[in-house]
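What follows is a single structure, written as structure tokens, with notes after it.
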Amino acid sequence: MEYFWQHKDFPNFQFKVEDLISQIQEFATELGEVNGLFINVSEENKKEILLQVIVSEALKTSEIEGEYFSREDVMSSLQKQLGISDFQVLSKDKKAQAISELMLQVRADYQNPVTLNMLKKWHQTLMKFDKTVNEGAWRSSSEPMQIISGRAGKIDVHFEAPPSKDLQQLLTDFENWYQNFPYHEIGQVGRAMLRAALVHLYFETLHPFEDGNGRIGRALSEKALAETLEKPILISLSKKIEENKSTYYDTLKQTQRKQNVAEWLQYFFTILIEAQKEVKETVLFVVEKALFFDRFKIQLNERQLKVLQKMTEKEKTGFQGGMTAKKYMAITKTSKATATRDLLILLEMGAFKREGDGRSVKYHLNWL
């Protein structure tokens with residue numbers, strides 16, 4: 001048989017639990033460290049950490065599928081929905097609004113058991129501004145559903161999903177499998193990891209929607225983690241997947257042709273661990289940023305504050321090329337003389353350190 005879903009034992013995934021123990025222990029350690037750090041930050045910083053993680057997931061889960069949104073559009077949409085700031089520049093990109101809404105909907109649903117109706121509602125949210133897709137409906141075309149990646153002229157077919165005529169029974173089986181997920185013997189953390197890895201594989205195998213299956217499937221993994229751990233979790237799986245998405249697709253492709261899913265579990269558990277480590281870095285960065293602003297905020301004018309907020313929007317090395325007078329003028333809509341004066345003041349107060357001289361001078365944040 002060409003694909004696992006055609007096998008009479010589907011979805012009897014085969015693997016050895018003992019092969020997973022070391023990765024489960026590593027993830028549990030990282031999870032504990034993140035939780036410990038997060039508990040001790042201020043409420044304001046907690047909101048920013050949450051925002052940074054959700055923005056990252058929204059952007060990267062879309063980029064895996066070839067959709068690119070500006071960080072500002074996703075950020076403004078999330079800020080509005082979360083009520084994080086008093087003023088937001090409203091995003092005009094409807095699809096960016098949709099992916100932002102989905103991220104928050106998944107987080108809000110973490111305690112609710114996964115049902116087929118829930119998945120349809122998620123799909124409706126994701127696709128409500130895409131008139132080419134029948135949102136919230138299972139695919140019904142008699143044409144084969146092929147899972148591909150790449151671009152025109154260089155398409156890679158990874159596998160073929162079950163025909164649409166079989167979907168209703170397969171999806172009912174999927175819902176029952178999820179709601180009766182076993183493996184309690186490996187502990188809460190191990191069961192959460194295993195459920196997240198296998199639900200994504202299972203869902204992607206079925207590929208029940210016309211479009212959006214990857215984004216819904218990755219959201220399902222984060223939902224499975226949170227539901228099984230019995231609390232919302234800070235993680236962006238898609239950011240780590242997107243860093244090497246060819247490995248993601250290759251591993252999915254290879255796993256479709258066999259019952260043994262050990263290779264998939266090893267890959268996905270590694271993604272979980274690396275994603276949790278990255279969240280730890282995000283928490284530490286937000287705390288360091290708060291300390292940075294505490295040092296200088298009473299000395300900053302409105303223009304300088306705006307520039308520093310822009311430079312610290314992503315992460316420590318997120319502002320490429322340093323700050324120049326030209327960039328400062330563009331951000332603050334001010335004159336060259338004012339920009340030059342403000343930059344020198346920031347340097348003198350210790351917020352900046354300088355690189356180069358004359359026309360090539362650049363300023364970088366002084367985190368020390």
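Of note:
- Area accessible to solvent at Phe292, 1.4 Å probe radius, in Å²: 0
- Prolate/oblate/rounded label for the stretch 144-202 (Cα gyration tensor, a/c 1.5): oblate
- Cα gyration tensor shape of the stretch 59-160, rounded if a/c is under 1.5, else prolate or oblate by comparing a/b with b/c: oblate
- Taking all protein chains into account, the per residue accessible area for the stretch 18-137 stands at 50 Å² (1.4 Å probe).
- In this structure, the amide hydrogen of His158, modeled 1.01 Å from its nitrogen in the peptide plane, lies closer than 5 angstrom to those of Ile147, Ile148, Ser149, counting only residues at least 5 positions away or on a different chain.
- Projected onto their three principal axes, the Cα atoms of the chain cover extents of 74, 44, 36 Å, largest first.
- Within a Gaussian network of the chain (alpha carbon springs, distance under 10 Å), most fluctuating of Leu116, Leu78, Leu194: Leu116
- With a Förster radius of 51 Å applied to the beta-carbon distance between Arg295 and Gln81, the computed FRET efficiency rounds to 0.95.
- Among 325-331, 12-18, the peptide with the highest mean count of other Cβ atoms within 10 Å heads the list, and the full ranking is 325-331, 12-18.
- Centre-to-centre, using Cα atoms only, the stretch 317-357 and the stretch 50-128 are separated by 33 Å.
- Cα gyration tensor shape for the stretch 163-251, rounded if a/c is under 1.5, else prolate or oblate: oblate
- Counting protein heavy atoms only, the stretch 1-157 has 48 percent of its accessible area on carbon and sulfur, 1.4 angstrom probe.
- DSSP bridge analysis restricted to the chain gives an antiparallel fraction near 90%, rounded to the nearest 5.
- log10 of Debye I(q)/I(0), alpha-carbon scatterers only, for the stretch 262-368 at 0.16, 0.22, 0.24 Å⁻¹: -0.72, -1.19, -1.36
- Once the 1.4 Å probe is applied to the protein heavy atoms, the stretch 252-368 comes out at 54 Å² accessible per residue.
The values are calculated or read from the model by the stated rules, or taken from the named source; none is laboratory data. Not measured: the values here are computed from a predicted model. A quick note on method: Cβ atoms are made from the backbone with ideal geometry, for glycine too, and the neighbour counts reach across all protein chains shown. All accessible areas refer to the heavy atoms of the entire protein, side chains included, with ligands and DNA or RNA removed. Shrake-Rupley method; radii C 1.70, N 1.55, O 1.52, S 1.80 Å.
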